[in-house]
Amino acid sequence: MPSISEYEKLCRRRTTYKNSLSTLMAKAAVAENTVQKIKLLLTKTNELFKEATRVLSEMNQCAREDELDFIQADYEEVEKKFEDLQEKLTIKLDTACASTPVQEVKLPKLSLPDFTEKPEE
């Protein structure tokens, strides 16, 4: 079995982070996300973007000349998806924080006198 080149390893890592990005996008689309869940998704998105940038940078260094345009286009596509996901999550987070439910306060019962229609009372 032939050995896997460094470039092929990077291509596999690229596939992995693209799959992870798709998973994060699906999780972000869920309407019932809590504030904590949205914050966690934002953190994971930022970490994944750093990994994607690192992988594409390494791919750029060891790629053949004819592959550089593809890598640049791939980076721009991935960057746009990450920016869209971060924007979507930030908006969801702002909305979730702004619409925290107000707890009901139970007021004491007041006893009112009976009305007998007599103005003297």
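Read-outs throughout are calculated quantities, based only on the coordinates presented, and are distinct from any laboratory measurement. Quick caveat: nothing in here was measured; it's all calculated off a predicted structure. Using ideal geometry, Cβ is built from the backbone for each residue, glycine included, and neighbour counts are taken over all protein chains shown.
Observations, loosely collected:
- Members of Lys37/Lys88; Lys39/Lys106; Lys27/Lys80; Lys9/Lys88; Lys37/Lys106 lying beyond 23 Å, as alpha-carbon distances in this model show: Lys39/Lys106; Lys9/Lys88; Lys37/Lys106
- With contacts taken as Cα pairs under 8 Å at a separation of at least 6 residues, the chain carries a relative contact order of 34 percent.
- Derived scalar couplings between HN and Hα for region 56-73 equal 5, 5, 5, 5, 4, 6, 10, 7, 6, 4, 6, 9, 5, 5, 4, 5, 5, 5 Hz in order, rounded to whole Hz, by the Karplus curve 6.51 cos²θ - 1.76 cosθ + 1.60 (θ = phi - 60°), x for Gly and Pro.
- Here's the picture: a label point sits 7 Å out from the Cα of Thr34 along the beta-carbon direction, and within region 83-98 the residues with their amide nitrogen under 18 Å of it are 92-98.
- Phi-based couplings in Hz for region 9-24 (Karplus 6.51, -1.76, 1.60; Gly and Pro marked x): 4, 5, 4, 5, 5, 4, 4, 4, 6, 5, 5, 5, 5, 4, 5, 4
- Label assignment, log10 I(q)/I(0) by the Debye sum over Cα atoms at q = 0.13, 0.17, 0.23 Å⁻¹ derived from the structure, set [x] -0.83, -1.22, -1.34; [y] -0.45, -0.79, -1.43; [z] -0.67, -0.90, -1.24: [z]
- Total formal charge among the other residues, if their Cβ is under 15 angstrom from that of Lys80, Lys/Arg +1 and Asp/Glu -1: -4
- With contributions of -39500 (n - 2.57) from each DSSP H run of at least four residues, the per-residue ellipticity at 222 nm computed over the chain stands at -24500 deg cm²/dmol.
- For the pair Ala73 and Tyr7, a Förster radius of 22 Å applied to the C-beta separation gives a FRET efficiency near 0.85, rounded to the nearest 0.05.
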